[in-house]
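Here's the structure we're looking at; comments come further down.
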Amino acid sequence: MQDRLKEAIQYIQGETALKPEIGIILGSGLGGLVNEIKIKKSIPYNLIPSFPISTVEGHHGNLIFGFIAGKAVVIMQGRFHYYEGYSMQQVTFPVRIMKELGIHTLLISNAAGGMNPAFSVGDIMLITDHISLFPESPLRGPNEASFGTRFPDMSSVYCKSIIASAKEVALAMHLSLQEGVYAGVQGPCFETPAEYRYLRIIGADAVGMSTVPEAIVATHAGIKCFGVSVITDLGIEGQVQTISHAEVIKAANEAGSRLTQLFVGLMSHI
Ligand code: HPA
C-alpha cells in the first residue's frame, strides 16, 4: 500500500504543485461544482499509477486541482463504489492520497434513498452520523500506524462546526435542509420494502452505497468530514416505489445547483 501510494503521489506532484487544503468527493448531483472551480490541473484517473478506474455510467473519472472561493481544493470527479467490485482499500485509496497531499477537511456528497417520513425527493440532508452495513471495514488488515491508530474513535465523524456553518449558509441562501443518519450499504440492489423498514428501525434516515468507507478512512487519518445526501427516492413505509438508476441521477441533478451553492458558500467557513 505504501509503495503504491508513494508512486501515485510522486506522479501527481510531478503534474501539479498545488497544495490542497480541502478534498471534495463529488457524488451524483454535484457535478456542477466543477464549473465553480478555477481549475489548475485535471488528471484523468487512468493516468495515475495504482488508481482504480470508475465503471459506472454518469460518473466521470478525474482528479481536479484548483480553487473554489479562494480555497485550494482537490476534487474527485467520480468515485469508486464497493459494488463495482473494488476492495475497500481501492475504494478509499484516493482519500489516502488526498491525506498525503495535505487536506485537513473532506467534503462528501452522495445520492440516497430517504426513509424518514418527513423527507421528499430532492431534499438535501446533512449527514450527522452513519451506520456502516458494509461487509467489511476499509481499515481491515494491518494498521498503518503512520495513518492512524488501530482502533479509531468514531464518536464524531461528521464535524459539528462544519454542520453548524452549513446551516448558517443555507439560512442565508433561503435553502431548506434536512439532517439525519446515513446508512451505508454494499448495493448494488436498491432495498426491498422490508429492508427500508429495517433501516428506519435501526435509526437511519437515508441509505446509500457510498460515503461510509471514505468517511471512516478520513476519520482514521485525522481529517474532518462533512457529508450531504441528495434524497433521490423514498423508502418510506407504505410509499416505496420502483426506482431506477436513471431516476436517481435525474433527481440528483435537479438538486445539483442548490448543492453546488451550498458547497461554494461553505468554503469561506472552513
Ligand atoms: N438505496 C440505496 N442507495 C441509493 C438509493 C436507495 O434507495 N437511492 C440512491 N442511492
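The values are calculated or read from the model by the stated rules, or taken from the named source; none is laboratory data. Note that this is a predicted model, so its numbers are computed, not measured. In this analysis, Cβ positions are derived from the backbone assuming ideal geometry, glycine residues included, and neighbour counts consider all displayed protein chains. Areas reflect the complete protein model, heavy atoms only, side chains present, ligands, DNA and RNA absent. Shrake-Rupley method; radii C 1.70, N 1.55, O 1.52, S 1.80 Å.
Here are some notes:
- For the peptides 223-233, 184-194, residues were scored by their other Cβ atoms within 10 Å and the scores averaged per peptide; the highest-first order is 223-233, 184-194.
- Relative contact order of the chain: 27 percent, from C-alpha pairs under 8 Å at least 6 residues apart in sequence.
- Euclidean distance between Cα centres, segment 1-48 to segment 140-195, Å: 22 Å
- The C-alpha atoms of the chain define a longest principal axis, and helix 160-172 lies at about 70 degrees to it.
- Considering all C-alpha pairs of segment 36-115, those separated by over 15 Å amount to 61%.
- Average projected area [Cα convex hull, segment 128-199], square nanometres: 7.4 nm²
- For the cross-link pairs Lys19/Lys250; Lys6/Lys41; Lys6/Lys167, the ones whose C-alpha atoms lie over 31 Å apart are Lys19/Lys250; Lys6/Lys167.
- Per residue, the accessible area of the chain comes to 43 Å² when a 1.4 Å probe rolls over the protein heavy atoms.
- Apolar share of the accessible surface for the chain: 51 percent from carbon plus sulfur atoms, 1.4 Å probe.
- Per-residue packing, averaged as other Cβ atoms within 10 Å, sorts the ranges 122-132, 144-154, 235-245 into the order 122-132, 235-245, 144-154, beginning with the highest.
- Calculated log₁₀ intensity ratio I(q)/I(0) where the Debye formula runs over C-alpha points of segment 48-172, q = 0.12, 0.14, 0.17 Å⁻¹: -0.60, -0.84, -1.28
- Rounded to 10°, Cα long-axis angle of helix 88-101 versus longest principal axis of the chain: 50 degrees
- Only helices enter the 222 nm calculation for the chain: every DSSP H run of n ≥ 4 contributes -39,500 (n - 2.57), and dividing by all residues gives -9500 deg cm²/dmol, rounded to 500.
- Long-range Cα-Cα pairs in segment 92-153 (distance over 13 Å), rounded percent: 77 percent
- Förster radius 41 Å - calculated FRET efficiency between Ala17 and Tyr198, Cβ distance, rounded to 0.05: 0.25
- A simple count of charges around Arg150, restricted to other residues whose Cβ falls under 13 Å of its Cβ and scoring Lys, Arg +1 and Asp, Glu -1, yields -1.
- Charging the Cβ of each Asp and Glu at -1 and of each Lys and Arg at +1, and nothing else, the dipole of segment 1-143 about its Cα centre rounds to 400 debye.
- Directionally averaged projected area (convex hull, Cα atoms, the chain), nm²: 13.0 nm²
- Within segment 158-205, trypsin sites (Lys or Arg not before Pro) in DSSP loop having at most 16 other beta-carbon neighbours inside 10 Å: none
- Other residues whose C-beta falls under 14 angstrom from the C-beta of Ile12 contribute a net charge of +4, scoring Lys and Arg +1 and Asp and Glu -1.
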